[in-house]
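Trainee: Sharing a structure below in C-alpha cells format, with a few things to ask.
What follows draws every value from the coordinates through simple rules; no lab data is involved. Quick caveat, the model's predicted, so the values are computed rather than measured. Here Cβ is always computed from backbone atoms with ideal geometry, including for glycine, and neighbour counts include all displayed protein chains.
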Amino acid sequence: MVYGCDGPWWANKKGLPGFLGTKLCHDTDVCATFRDVHKLEVEPHDRMLFSNPGVVGSGGNSGFQALNLVAQFGAKRIVLIGFDMHAGNGVHWYGPNNGRHMRNPTDFSFVHWRDAFARNAPKLKRMGVEVINASANSALICFERLPLQEVLKKWD
C-alpha cells in the first residue's frame, strides 16, 4: 500500500502507474484523475481516530495519517523509517520536493508534527500498538528509538 496526502506529489508521480498495490490519497482531484487511487478521509485535527475506519486525523502530515491508518488496520507493531521531523539534513529524508506545486515544511511544521505525534503516542500504547522509530536521525522522541536491524531482531 502507498499513501500520499499531497495532490501535487501524486501528479508529479503520475499516479504511480507501475505500483500494483493499493493506492490511497485524501485529495478528491487525485482520486478523480487517477482512478486506481482510493479516497481516504482526513479530519482537520491532530487526534488519531479509530471509530470510523477509513477516516484519520490530519496531524499535519502524511506520516501521521499513515500511522493512524495502519493502526486502524489492526497493526500491533509498527516501525517508522524516514521520520526525521527536522531540517538538519534537508527538509525531507529524501531531499526537498521540487516538483510542480509541491511544498516543503517549515520549522513550524516540524514542531507541529512532533507535537501531534507526542500527544497521540500514549493512546497508541494504551491500545497495545508498539511503535518504534528506526529513522536514523530523528527529532521524533515520543516512540522507542532503535536501529532497523535491532527492531528486526527484537521482533524476530
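Trainee: What's the angle, to the nearest 10 degrees (0 to 90), between helix 62-72's Cα axis and the longest principal axis of the chain?
Mentor: Its long axis makes an angle of about 70 degrees.
Trainee: Right, here's the next one. If you place +1 on the Cβ of every Lys and Arg and -1 on the Cβ of every Asp and Glu, how big does the dipole about the Cα centre of the stretch 74-154 come out, in debye to the nearest 20?
Mentor: Value, rounded to 20: 340 debye.
Trainee: Can you pull out the trypsin sites (Lys or Arg not before Pro) in the stretch 48-146 that DSSP calls coil and that have at most 14 other Cβ atoms within 10 Å?
Mentor: K76, R100, R103
Trainee: Starting from one equal scatterer on each C-alpha and no solvent at all, send me the Debye-based log10 I(q)/I(0) for the chain at q = 0.14, 0.17, 0.18, 0.19 Å⁻¹, two decimals.
Mentor: -0.73, -1.10, -1.22, -1.34
Trainee: So which chymotrypsin sites (Phe, Trp or Tyr not before Pro) in the stretch 1-105 pass both tests, a DSSP loop state and at most 16 other Cβ atoms within 10 Å of the Cβ?
Mentor: Sites meeting the loop and neighbour criteria: F19, F50, F73, W93, Y94.
Trainee: Within the chain, how many Lys pairs sit with Cα atoms under 29 Å apart, leaving out pairs fewer than 8 places apart on the same chain?
Mentor: For the chain, qualifying lysine pairs total 19.
Trainee: Relative to the longest principal axis of the C-alpha atoms of the chain, give the angle of the C-alpha long axis of helix 107-126, reported between 0 and 90° and rounded to the nearest 10°.
Mentor: 60 degrees
Trainee: Here's another thing I want to ask about it. Given charges of +1 on the Cβ of Lys and Arg and -1 on the Cβ of Asp and Glu, with all other atoms neutral, how large is the dipole of the chain about its Cα centre, in debye to the nearest 20?
Mentor: Value, rounded to 20: 260 debye.
Trainee: Sticking with this structure for a sec: Note down the relative contact order for the chain as a percent, whole number, built from C-alpha pairs under 8 angstrom at least six residues apart.
Mentor: It rounds to 19 percent for the chain.
Trainee: Another question, if that's okay. Counting C-alpha atoms alone, how compact is the stretch 15-94: give Rg to one decimal and Dmax as a whole number, in angstrom.
Mentor: 13.8, 37
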